[in-house]
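The values are calculated or read from the model by the stated rules, or taken from the named source; none is laboratory data. Quick caveat, the model's predicted, so the values are computed rather than measured. Positions of Cβ are backbone-derived with ideal geometry, glycine not excepted, and every protein chain shown enters the neighbour counts.
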Ligand SMILES: Nc1ncnc2c1ncn2[C@@H]1O[C@H](COP(=O)(O)OP(=O)(O)O)[C@@H](O)[C@H]1O
Ligand SMILES: [Mg+2]
């Protein structure tokens with residue numbers, strides 16, 4: 001393992017307006033490093049969906065992004081309510097989001113499926129009442 | 001079609017980005033649900049929507065979209081315009097409703113992204 005870059009972001013669970021700032025920052029960093037634009041788009045979309053989920057479902061959390069020679073790994077950890085049924089949550093269209101969230105353009109139940117669609121690996125660790133950690137990897 | 005041609009076809013107003021007017025924009029995605037845009041709009045360069053909040057600009061940013069069209073006379077606030085400026089995304093506003101605006105652009109040869 002040679003050069004590795006690690007970035008950490010604390011996501012505010014109370015500010016929907018600022019959701020996406022971390023994903024935007026990562027996008028800029030990857031652009032500066034000269035990562036392929038298709039890869040950047042996939043990372044940005046997956047992380048943005050995860051970041052939004054943290055805000056609307058889990059009252060915020062911490063995102064750690066590691067860039068290595070071979071891949072970009074995103075770990076999204078929150079102390080929210082956890083996900084009772086992962087299979088159900090992964091279905092397109094399944095959402096427990098409140099009406100208020102829908103009126104903001106989210107809560108279509110496409111977030112987790114999108115995260116899976118745009119990444120090469122995705123793993124969900126969740127404990128009810130304790131929190132959720134989602135790990136996603138995009139190969140370089 | 002260029003962003004300028006889109007603006008003229010829709011009788012739209014440039015709220016930001018006239019300097020981007022000569023950019024080409026060939027594929028459009030129209031939706032009010034941003035997750036749908038994120039799921040299916042990744043090949044598109046234009047986002048048309050009736051939703052008006054900062055996450056619309058963020059969504060466009062993630063997808064490398066070059067132009068957002070707000071329909072039904074929706075007006076983004078200062079914060080959204082600053083964000084668009086920062087990201088280099090042109091912002092148009094038209095009085096047309098979504099269906100009509102889509103129809104006009106389709107007639108002009110624009111298509112949805114595959
Ligand atoms: N970090 C999380 N913490 C708790 N529940 C979550 C989290 N992420 C997703 N979920 C649950 O999974 C469901 C599906 O998520 P998603 O596909 O992103 O759709 P949406 O966010 O539109 O509801 C959510 O409605 C929610 O019930
Ligand atoms: Mg979601």
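Annotations
- Hits in the stretch A:128-140 - residues which are part of a strand (DSSP E or B) and within 11 Å of ligand 1 (Cβ to nearest atom): A:131, A:132, A:133, A:134
- Counted residues, the stretch A:102-114 - those being in contact with a strand residue (DSSP E or B) (Cβ under 9 Å, 6 or more places away or on another chain) and more than 6 Å from ligand 1 (Cβ to nearest atom): 1
- Residue within the stretch A:75-92 that is more than 13 Å from ligand 2 (Cβ to nearest atom) and closer than 25 Å to residue B:57 by Cβ present: no
- Taken as a whole, the condition of being under 20 Å from residue B:41 (Cβ atoms), more than 9 Å from ligand 1 (Cβ to nearest atom) and either more than 10 Å from chain B (Cβ to nearest Cβ) or in contact (Cβ under 8 Å) with a residue 12 or more places away in the chain (or both) applies to residue A:51.
- Filter result (part of a strand (DSSP E or B) and under 22 Å from residue B:65 (Cβ atoms)) within the stretch A:41-73: A:72
- None of B:98, B:75, B:85, B:62 is at pLDDT 95 or above, over 11 Å from the mean Cα position of the chain (by Cα) and at the interface with another protein chain (Cβ under 10 Å from one of its Cβ atoms) except B:62.
- Candidate set: the stretch A:109-120, residues that are more than 8 Å from ligand 2 (Cβ to nearest atom) and outside any helix (DSSP H, G or I); chosen: the one farthest from residue B:63 (Cα to Cα): A:120
- Just one of the numbered conditions (1) outside any loop (DSSP other than H, G, I, E, B); (2) away from chain A (no Cβ under 14 Å) is not true of residue B:22: (1).
- Selection count where residues are more than 11 Å from chain B (Cβ to nearest Cβ) and either at pLDDT 95 or above or touching a helix residue (DSSP H, G or I) at 6+ places or on another chain (Cβ under 7 Å) (or both), scope the stretch A:6-21: 8
- Positions within the stretch B:39-59 being at pLDDT below 95 and surrounded by 24 or more Cβ atoms within 10 Å (Cβ to Cβ), in sequence order: B:41, B:44
- Looking only at the stretch A:86-101, and only at residues there that are outside any loop (DSSP other than H, G, I, E, B) and buried (at least 16 other Cβ atoms within 10 Å of the Cβ), the one that is nearest to ligand 1 (Cβ to nearest atom): A:89
- Any hit, the stretch A:62-76, residues being surrounded by fewer than 23 Cβ atoms within 10 Å (Cβ to Cβ), at pLDDT 95 or above, within 6 Å of ligand 1 (Cβ to nearest atom) and more than 14 Å from every other protein chain (Cβ to nearest Cβ): no
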